[in-house]
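Single-structure report; data block below.
The values are calculated or read from the model by the stated rules, or taken from the named source; none is laboratory data. Everything numeric in this text was worked out from a predicted model, so none of it was measured. Backbone-built Cβ (ideal geometry, glycine too); neighbour counts: all protein chains shown.
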Amino acid sequence: MPPLFAKRNLPVQNALDVLESLNYFVKAINVDLYSSYEQEAKERILRDIDDWPIVALSLTLDCPIWTEDKDFFGAGVATWTTDRVHIYLS
């Protein structure tokens, strides 16, 4: 069981069901599509270098990142937090 689920006493199967339902809205993108931006993305990230695929995909698709992770702020790509997305969609 994932540690966060154990800590919060959450049922794993419910989470897996929700994740499975997201397949309708979320599509996996092959790394071949955005790998040409790998070096640039890594140079833009100040803290967690493992986040480079997200920045690279943002550069590839010319789209913002929806995140609460402040590590993306200052990476030279637009970021939206959930409260801003909520206002936008209201």
Of all residues in the stretch 65-84, how many are in contact with a strand residue (DSSP E or B) (Cβ under 9 Å, 6 or more places away or on another chain) and either within 14 Å of A41 (Cα to Cα) or of a type in the set (D, E) (or both)?
7
Considering L22, L4, L16, which residue is loosely packed, with under 11 Cβ neighbours inside 10 Å, of a type outside the set (V, I, T), under 17 Å from the mean Cα position of the chain (by Cα) and assigned to a helix (DSSP H, G or I)?
L22
Based on this model, can you work out whether D32 counts as at pLDDT 95 or above, surrounded by fewer than 11 Cβ atoms within 10 Å (Cβ to Cβ) and at negative phi?
yes
